[in-house]
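Heads up, the thing below is written out as structure tokens.
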Amino acid sequence: MERGKFEARLGKGCITRFAVAMLLLSATSAQLRYSISEEVNDGTAVGNLVKDLGLDKSTLKSRKYRVVSGGADPLFYVNESDGVLYVTRRIDREEVCAQSSVCLINVKTVLEAPLEVHNIAVEVLDINDHSPNFSEAEKILEISESVLPGARFQLKPARDLDSGQFSIQQYKLSQDDHFRLEVRDKEDDGKIPILVLKKSLDREAARSHSLLLTALDGGKPPKSGDMKIRVNVLDVNDNSPVFSMDVYSATLMENSPLGNTVVQVNATDLDDGQNGEIFFSFGNSVSSNIFSIFDINKSTGQITVKGHVDYEQKEKYEIEIQASDKGLAPLTAEKNVIIKIIDVNDNAPEIEITSFSSSIPEDSRPGTTVALISVNDLDSGLNGKVICSIGEEAPFSLLPSMQHNMFSLTHLEISESALSGARFQLQDARDPDSGLFSVQQYKLSQNDHFRLEIKDRGQDGKIPVLFLHKPLDREVARSHRLLLTAVDGGKPPKSGTMGIVINVLDVNDNMPVFTRESYTVELNENSPVGTTVIQVNATDKDEGLNGEVVYSFGDNVNNKLRKLFEIDTITGAITVKGLLDYEAKDRYEIDIKASDKGPVPLSTEKSVIIAVVDLNDNAPEIEVTSLSSAIPEDSKPGRTVALISVSDKDSGVNGKVICSIIDDVPFTLTPSLQENMFSIVTKSLLDREHKSKYEVTIIAKDAGEPALSVQKTISVTVSDVNDNNPEFSTNPYNFYVTENNVAGASLFSLNAFDYDEGDNAHISYKIPRSGAAHKTVTTFLNINSETGTIVALKSFDFETLKTFQFQVVATDSGTPSLSSNVTVNVFILDQNDNAPVILYPLSSNGSAEGVEEIPRNVNAGHLVTKVRAYDADIGYSGWLLFSLQEVTDHSLFGLDRYTGQIRTLRSFTETDEAEHKLVILVKDNGNVSLSATATVIVKLVEPKEAFAASDVKSAANDDEGNDVTFYLMITLGAVSVLFIISIIVLIAMQCSKSTDYSSKYLQETNYDGTLCHSIQYRSGDKRYIISGCLLACTPRS
């Protein structure tokens, strides 16, 4: 009773208690743990289950000991002969468990009859059978030579299918002056190699660097995998063009034709691409009239004549030629080309009257200016020497002027990548004075980055050149303001100033920097698509495109993560793109890359850790791991029917499962030793005949809020046990069989049923042949063992056998078989198969003839004689009717229809004949009546003769009547004794019958309460009827 309550409590919920599990150890699973190495050969023994579980080896085959596998290709099997667990095929740990730290395979073994389940854990131990492998044989990196030391470049890690100590343990980098290796441990993602720049790159010194990255596992000896790394150094415009000659000089005849080549300059640039492509132009200090006289081919540097070259206009040209590269922030170099013009005497002197007094007073003193003239010959040398004279008669002779300095402002643009020592020629100052009073020196305002150099160009004066003393940094100062002062040689000196504004051109020399050291965020699973997870932010000190930051996932972010998340390239907002499932993964570490838009982008990476918060979004799951197809109805309470496992993919409280069986069924749940494993066991006795199939519904409900639940229904079939005896529909059977049946024909059928099914309900019939009485009766009976039809082997004669009794045994086909018997009472029904037999009159020769003498003087109604007849049949077939079939005179004699008495109808007359012949017809009452005839000869005699004869006959009749009465009494006594003996025998048989093979006999009277036989006859004046079970003599007159 206590156990029943205990099981009932267990049926209400699946709260696992260790004590309960120990009590139910026999009905639940035992926990074993084995370990094998991967890649062992087929048939390798794992463990002896018979020994370790304490099983009976002799019952393994009969109980069908086997491994229950959910997959089509099981890894293990149990040998039923020795009970040892073997490996079915080679096991690749990496295929079965991927890269799990512990590879544990749960194996369920099942024994039937009764169901017994054992859980075995097999740990597959890793061997170092895989080498580290990089996804790329060669990795090409492009790194700008402007990247500063300390820059990091994350590489794709190698993969090793092995786990634990046999996974990748370290990375090594070949020796190199510019790079070193850092390794970052990212737990689930393993070790990540990072290339760190330790020394600035110089593309002009080395265009590329070849490295070798080696991944090593922890094996002994270790296995390794290599990846070649080729670092292509991207050019930065850090080299100015360099002219091939220090000085370019040329002579040119004035009036040279247009297009005439004057000189060709050439320059080279060590940079690459557009940074190394050079184009030529005139310098910033070249005046506009030079542009009209000369032209320079941008590509070839060839200077040609473009306009009229006039020596008289200028005899020497010092033209500043600028060679510039095509970099984003072009670098330039200047070189002066000196062109000397050879004079040709192509100009006549010119006289110009600049001022003239049309009249002067006559009293003008000598030296009074009359007019101002200038004489000029544009040619040079002797060609330009002019001799002037005034006519000797004229009282006149011949006699020069200055301008002011100018203030101006100039702008320069210098890249911050310009190296120290770069020079930038400035426009020189002009002073109309000459000699000592011309420009003698330049002064530059005090600053940290620039110095001033002066180039003396002779007649062209002194040229100021700005010299870069210290590299510029745009991120420190976007511009610099300088003041250049030109000073002449006067006392006091005069000066002119020029403001110089230097705009520092940006170079992409700063990587983006994230605003936070770490990014960690929590996110609910199943968050809608588009939900913002977190926003990262990075800044870049550069400007323009170099300072514009775009965001992307790092190179190591796999496609699975890219399907779950996306990042806004502009804002850095990370949003949900796919379905987040805590059960698939509860934590994501995503590398976010911030890159600028420079021509050679610089980037930096930061990890964002997203912790997924579990929601109760998974209903529990019920798995039926083993189910008995049928359970015998005689199973005792506590027998295992099925093994189920429940699971919930959620975690914490959301993953706690409570399960129970609903509805009123004779089953309950008991916990297994293994967590979330339960056995469905019987809690009460079963009866297949009451209910042969149960639908058992298990409900599993988690503890989340709101709670989720699931139901699973399994069908439990109760198999039949041979626990029911066959039963006859009636006991006893009473059958009535008409006599004269056809031998071999079916008489009747018996029917028994069995509440069991199958062979247990398959019934066969037989008639037991034991005992003398049975042998006598059953020798002429046969029964169909399948149908229960009884056949008589001979015809029955009512007159010989009126009733008999036998037993039939019904036996099922179960093992062991059960049987029951029934008593069959057979009553023979009489047929009209016996013709009446004439008892009187009867002649000595046996014929039914007799002679009766009567006095002639008898009165009407005188009894002449009585015809006595007997019919062996009973009932109506035995009732006899008498009639006169033939008579000489119908008016003399009458016949009683029922008694057979012949009486006179009238008195005799003298005319009546002395002898009369009467033929009496005796007929029974059968459907087809049978008859017999008797002949009575009546002789009329005189009274005296008749009296004498009457006395004699009367005496004879009295004697005969007395004899008949005596015999009737003897018959009555004998029949009564036989009947009483039969009753006693039947009662004795009933009391002593076997319960295994017979049913109860119920005494039943005949259909009319008598034995089915009657005799009627007549003796003298008395009529007798013998009938019934107890013979009764009923006199009838």
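The values are calculated or read from the model by the stated rules, or taken from the named source; none is laboratory data. It should be emphasised that the depicted structure is a prediction, and the values quoted were computed from it without experimental measurement. Please note: Cβ atoms are built from the backbone with ideal geometry, for glycine as well, and neighbour counts cover all protein chains shown.
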Options ASP555, ASP581, ASP596; residue that is among the charged types (D, E, K, R) and more than 23 Å from LYS186 (Cα to Cα): ASP596
Restricting attention to strands (runs of 3 or more DSSP E) lying wholly within the range 58-161, give those where 3 or more residues are out of contact with any Gly (no Cβ under 6 Å at 6 or more places or on another chain). 66-68, 76-78, 104-111, 116-125, 138-144, 152-154
Selection from the range 555-582 of residues that are touching a Ser or Thr at 6+ places or on another chain (Cβ under 8 Å), closer than 24 Å to LYS649 by Cα and not in a strand (DSSP E or B): LEU580, TYR582
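Listed residues SER813, SER844; which is of a type in the set (S, T, N, Q) and outside the structural domain of LEU905 (by TED's automatic domain parsing)? Walk me through it before giving the result.
Working: SER844 fails: outside the structural domain of LEU905 (by TED's automatic domain parsing).
Just one listed residue meets the conditions, SER813.
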Which of the residues belonging to the range 797-852 are touching a Gly at 6+ places or on another chain (Cβ under 8 Å), farther than 28 Å from SER764 by Cβ and buried (at least 21 other Cβ atoms within 10 Å of the Cβ)? ASP830
Can you find even one residue in the range 951-967 that is at pLDDT 80 or above and small (Gly, Ala, Ser)? no
Yes or no: the range 138-152 includes at least one residue that is crowded, with 18+ Cβ neighbours inside 10 Å, over 30 Å from SER210 (Cβ atoms) and of a type in the set (Lys, Arg). no
Can you name the residue in the range 646-655 that is closer than 23 Å to LYS108 by Cα and surrounded by fewer than 19 Cβ atoms within 10 Å (Cβ to Cβ) and is also modelled with the highest pLDDT among such residues? SER647
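State yes or no: is ILE339 buried (at least 20 other Cβ atoms within 10 Å of the Cβ), β-branched (Val, Ile, Thr) and in contact with a Phe, Trp or Tyr (Cβ under 6 Å, 6 or more places away or on another chain)?
Values: buried (at least 20 other Cβ atoms within 10 Å of the Cβ): yes; β-branched (Val, Ile, Thr): yes; in contact with a Phe, Trp or Tyr (Cβ under 6 Å, 6 or more places away or on another chain): yes.
Yes; evaluated as a whole, the condition is true for this residue.
Restricting to the range 682-707, count the residues that are in contact with a Pro (Cβ under 8 Å, 6 or more places away or on another chain) and either buried (at least 18 other Cβ atoms within 10 Å of the Cβ) or polar (S, T, N, Q) (or both).
Keep residues of the range 682-707 that are in contact with a Pro (Cβ under 8 Å, 6 or more places away or on another chain), which gives 682-686, 694, 700-702.
In the following step, the residues that additionally are either buried (at least 18 other Cβ atoms within 10 Å of the Cβ) or polar (S, T, N, Q) (or both) were identified as 682-684, 686, 694, 700-702.
Going through the range 682-707 one residue at a time, the tally reaches 8.
Yes or no: the range 475-492 includes at least one residue that is within 60 Å of the chain's Cα centre (by Cα) and either surrounded by 13 or more Cβ atoms within 10 Å (Cβ to Cβ) or outside any loop (DSSP other than H, G, I, E, B) (or both). First the steps, then the outcome.
From the range 475-492, those within 60 Å of the chain's Cα centre (by Cα) are 475; that's our starting set.
Checking which are either surrounded by 13 or more Cβ atoms within 10 Å (Cβ to Cβ) or outside any loop (DSSP other than H, G, I, E, B) (or both) leaves us with 475.
Yes, there is a match, as at least one residue in the range 475-492 is within 60 Å of the chain's Cα centre (by Cα) and either surrounded by 13 or more Cβ atoms within 10 Å (Cβ to Cβ) or outside any loop (DSSP other than H, G, I, E, B) (or both).
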One residue is enough: does the range 505-527 have a residue meeting the conditions out of contact with any helix residue (DSSP H, G or I) (no Cβ under 9 Å at 6 or more places or on another chain) and at positive phi? yes
Test ASP759 against the stated conditions and say whether it is of a type outside the set (A, V, I, L, M, F, W, C) and buried (at least 16 other Cβ atoms within 10 Å of the Cβ). no
Which ranges mark the strands (runs of 3 or more DSSP E) fully within the range 600-670 that have 1 or more residues being within 24 Å of the chain's Cα centre (by Cα) and over 30 Å from GLU517 (Cα atoms)? 621-627, 640-647, 657-662
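Report yes if SER224 is under 30 Å from ASP325 (Cβ atoms) and either hydrophobic (A, V, I, L, M, F, W, C) or out of contact with any helix residue (DSSP H, G or I) (no Cβ under 8 Å at 6 or more places or on another chain) (or both), otherwise no.
It is false that SER224 is under 30 Å from ASP325 (Cβ atoms) and either hydrophobic (A, V, I, L, M, F, W, C) or out of contact with any helix residue (DSSP H, G or I) (no Cβ under 8 Å at 6 or more places or on another chain) (or both).
For ILE610, are the conditions met, namely being of a type in the set (Val, Ile, Thr), surrounded by 16 or more Cβ atoms within 10 Å (Cβ to Cβ) and touching a Lys or Arg at 6+ places or on another chain (Cβ under 6 Å)? Steps first, answer last, please.
Numbers: of a type in the set (Val, Ile, Thr): yes; surrounded by 16 or more Cβ atoms within 10 Å (Cβ to Cβ): yes; touching a Lys or Arg at 6+ places or on another chain (Cβ under 6 Å): no.
So ILE610 does not fit the description; no.
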Restricting to the range 672-691, count the residues that are in a strand (DSSP E or B) and either touching a Leu at 6+ places or on another chain (Cβ under 9 Å) or on the phi > 0 side of the Ramachandran plot (or both). 5
Considering the range 877-932 alone, what residues qualify as being in a loop (DSSP other than H, G, I, E, B) and of a type in the set (Lys, Arg)? ARG897, ARG906
From (1) modelled with pLDDT of 90 or more; (2) in a loop (DSSP other than H, G, I, E, B); (3) aliphatic (A, V, I, L, M), pick out the condition that doesn't hold for VAL718. (2)
Can you tell me which condition ASP92 does not meet? The list is (1) within 23 Å of the chain's Cα centre (by Cα); (2) crowded, with 16+ Cβ neighbours inside 10 Å; (3) modelled with pLDDT of 85 or more, and all the others hold. (2)
Surrounded by fewer than 14 Cβ atoms within 10 Å (Cβ to Cβ), in a loop (DSSP other than H, G, I, E, B) and of a type outside the set (S, T, N, Q) - does that describe any residue in the range 535-554? no
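What residue, among those in the range 153-168 that are surrounded by fewer than 18 Cβ atoms within 10 Å (Cβ to Cβ) and of a type outside the set (Lys, Arg), is farthest from the chain's Cα centre (by Cα)? It would help to see each step written out before you state the result.
Filtering the range 153-168 for residues surrounded by fewer than 18 Cβ atoms within 10 Å (Cβ to Cβ) gives 156, 159, 164-165.
Checking which are of a type outside the set (Lys, Arg) leaves us with 164-165.
Values: GLY164: 29, GLN165: 32 Å.
Top of the filtered list is GLN165.
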Considering SER679, SER764, SER715, which residue is within 29 Å of the chain's Cα centre (by Cα) and surrounded by 14 or more Cβ atoms within 10 Å (Cβ to Cβ)? SER679
Residue by residue through the range 70-124, note down the ones that are more than 24 Å from MET677 (Cβ to Cβ), in contact with an Asp or Glu (Cβ under 9 Å, 6 or more places away or on another chain) and among the polar types (S, T, N, Q). GLN99
Restricting attention to the range 583-599, which residues are under 29 Å from the mean Cα position of the chain (by Cα), of a type in the set (A, V, I, L, M, F, W, C) and part of a strand (DSSP E or B)? ILE590
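Working carefully through the options GLY850, GLY861, find the one that is part of a loop (DSSP other than H, G, I, E, B), touching a strand residue (DSSP E or B) at 6+ places or on another chain (Cβ under 6 Å), in the same structural domain as VAL941 (by TED's automatic domain parsing) and under 18 Å from VAL938 (Cα atoms).
That would be GLY861, the only listed residue that is part of a loop (DSSP other than H, G, I, E, B), touching a strand residue (DSSP E or B) at 6+ places or on another chain (Cβ under 6 Å), in the same structural domain as VAL941 (by TED's automatic domain parsing) and under 18 Å from VAL938 (Cα atoms).
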Matching residues in the range 968-998 - criterion: being modelled with pLDDT under 70 and either over 30 Å from ALA752 (Cβ atoms) or over 60 Å from the mean Cα position of the chain (by Cα) (or both): SER992, LYS993, SER994, THR995, SER998
Could you check the range 873-887 and list, in sequence order, the residues that are surrounded by fewer than 21 Cβ atoms within 10 Å (Cβ to Cβ), modelled with pLDDT under 85 and not aromatic (Phe, Trp, Tyr)? GLY875
